[in-house]
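Report on one structure; see the data block that follows.
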C-alpha cells in the first residue's frame with residue numbers, strides 16, 4: 001500500500017506524522033481518534049471508534065475532499081482505511097455514498113483481511129487486489145529488519161526477549177506497519193543518564209543520576225551490561241575516534257575494578273567522572 005503511495009506521490013508520501021482528531025458523536029460527546037498523515041494522504045482505523053465509525057468515515061472524507069491538492073499531476077488526496085472489514089453496515093453505506101460524491105478529489109484504499117464482510121455495492125466500486133500471506137523467507141526478512149533497527153548485535157537471547165516484548169505490547173493483531181520495537185528498560189534508563197551527563201559535563205550531573213544508578217543496580221542489571229551500555233551511549237555523543245577510545249578504555253578499567261569491589265555504584269560514578277573530566281580537558 002505504501003509502495004503504491006510512493007509510486008503516486010514520491011517519497012513525500014512516507015513522511016508521516018501522528019494527528020489526533022476530535023469528532024462529535026450524535027449525542028454531543030467528543031471523541032478522539034488518531035490518524036497518520038502526510039501531505040498527500042491520511043491513514044485511519046475507523047473501527048477504533050466503535051459504533052461511531054460512520055461519523056469518522058464521513059468526517060475524514062469530507063475534510064480530505066475540501067483540502068485536496070490543487071496543483072500538480074495528482075490533484076487528489078488518498079485516504080487509507082485500515083481494517084475495513086470491521087466497519088459497521090452504517091459506516092459502509094455512508095462510505096459508499098460519500099466516496100461517490102467526492103471521487104474526483106479523494107481516492108480511497110480499503111485494507112481488509114475478510115472481503116466477504118464488506119458489502120457488495122462497496123466492493124463493486126473498488127479494484128480488488130489480493131496480497132498473499134508472506135512466506136517464511138519474507139517473515140524472516142521482516143524480523144531481521146526489526147532486529148537491526150533495534151540494534152541487538154546478534155545476541156540471540158536479547159533478540160528473542162525484545163521480539164517477545166514487542167509482540168506482547170502490540171498484541172496478536174499487530175501489523176508490521178504499526179510495529180514499534182520495545183526497548184529494554186535498562187537501555188532507556190542508560191540513554192536518559194547519558195543525556196543528562198553529556199549535556200552538562202559537571203560533577204553536579206553525576207549527583208543527579210546517582211539514584212538512577214541505584215535503580216539499575218537494584219533491578220539486578222549485571223555490571224558488565226551497564227558498563228557496555230554506558231560506554232556505547234557515551235561514544236555516540238562524541239565527535240572523534242580518540243574520544244571514543246578514551247571512553248572504552250575507562251569502561252574496561254572500571255568494569256575490571258568492579259569485579260573486586262562490593263559497592264558497584266562507586267565504580268559507575270568513577271567511570272563517568274573520569275570520562276567527563278577527560279572530555280572537558282580536551283576542549
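Rundown of residues vs (1) touching a helix residue (DSSP H, G or I) at 6+ places or on another chain (Cβ under 6 Å); (2) surrounded by 17 or more Cβ atoms within 10 Å (Cβ to Cβ); (3) touching a residue at least 12 places away in the same chain (Cβ under 8 Å); (4) assigned to a helix (DSSP H, G or I), yes/no style:
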residue: 59; (1), (2), (3), (4): no, yes, yes, yes
residue: 79; (1), (2), (3), (4): yes, yes, yes, no
residue: 90; (1), (2), (3), (4): yes, no, yes, yes
residue: 94; (1), (2), (3), (4): yes, yes, yes, yes
residue: 99; (1), (2), (3), (4): no, yes, yes, yes
residue: 103; (1), (2), (3), (4): no, no, no, no
residue: 108; (1), (2), (3), (4): yes, yes, yes, no
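Can you say whether residue 65 is in contact with a strand residue (DSSP E or B) (Cβ under 9 Å, 6 or more places away or on another chain), assigned by TED's automatic domain parsing to the domain that holds residue 21 and part of a helix (DSSP H, G or I), as far as the supplied structure shows? Considered against the rule, which asks whether it is in contact with a strand residue (DSSP E or B) (Cβ under 9 Å, 6 or more places away or on another chain), assigned by TED's automatic domain parsing to the domain that holds residue 21 and part of a helix (DSSP H, G or I), residue 65 comes out as yes. Checked against the criteria, residue 237 does not count as in contact (Cβ under 8 Å) with a residue 40 or more places away in the chain, surrounded by fewer than 19 Cβ atoms within 10 Å (Cβ to Cβ) and within 15 Å of residue 273 (Cα to Cα). Taking the stated definitions as given, is residue 231 in a loop (DSSP other than H, G, I, E, B), within 29 Å of the chain's Cα centre (by Cα) and either on the phi < 0 side of the Ramachandran plot or crowded, with 18+ Cβ neighbours inside 10 Å (or both)? Taking the combined requirement at face value, the residue does not satisfy it. Has the range 84-95 got at least one residue that is more than 22 Å from residue 24 (Cα to Cα) and modelled with pLDDT of 85 or more? Yes. The single residue among 130, 125 that is modelled with pLDDT of 70 or more, assigned to a loop (DSSP other than H, G, I, E, B) and either in contact with a strand residue (DSSP E or B) (Cβ under 7 Å, 6 or more places away or on another chain) or surrounded by 10 or more Cβ atoms within 10 Å (Cβ to Cβ) (or both) turns out to be 125.
Evaluated against (1) more than 25 Å from the chain's Cα centre (by Cα); (2) under 19 Å from residue 110 (Cβ atoms); (3) touching a residue at least 12 places away in the same chain (Cβ under 8 Å), residue 48 falls short on exactly one condition, (1).
Within the range 113-122, being surrounded by 10 or more Cβ atoms within 10 Å (Cβ to Cβ) and either in a helix (DSSP H, G or I) or within 29 Å of the chain's Cα centre (by Cα) (or both) holds for 113, 114, 115, 117, 121, 122. Test residue 244 against the stated conditions and say whether it is touching a residue at least 12 places away in the same chain (Cβ under 8 Å), over 16 Å from residue 191 (Cβ atoms) and assigned to a helix (DSSP H, G or I). Considered against the rule, which asks whether it is touching a residue at least 12 places away in the same chain (Cβ under 8 Å), over 16 Å from residue 191 (Cβ atoms) and assigned to a helix (DSSP H, G or I), residue 244 comes out as no.
Tell me whether the range 1-15 contains one or more residues that are assigned to a strand (DSSP E or B), touching a residue at least 24 places away in the same chain (Cβ under 8 Å) and surrounded by 14 or more Cβ atoms within 10 Å (Cβ to Cβ). Looking for residues that are assigned to a strand (DSSP E or B), touching a residue at least 24 places away in the same chain (Cβ under 8 Å) and surrounded by 14 or more Cβ atoms within 10 Å (Cβ to Cβ), one finds none in the range 1-15, hence no.
When restricted to residues that are within 18 Å of residue 109 (Cβ to Cβ) and either assigned to a loop (DSSP other than H, G, I, E, B) or under 16 Å from the mean Cα position of the chain (by Cα) (or both), the range 16-33 contains 2.
The values are calculated or read from the model by the stated rules, or taken from the named source; none is laboratory data. Quantities reported herein were computed from a predicted structural model and do not represent experimental measurements. Note that we place each Cβ from the backbone using ideal geometry, even for glycine, and neighbour counts take in every protein chain shown.
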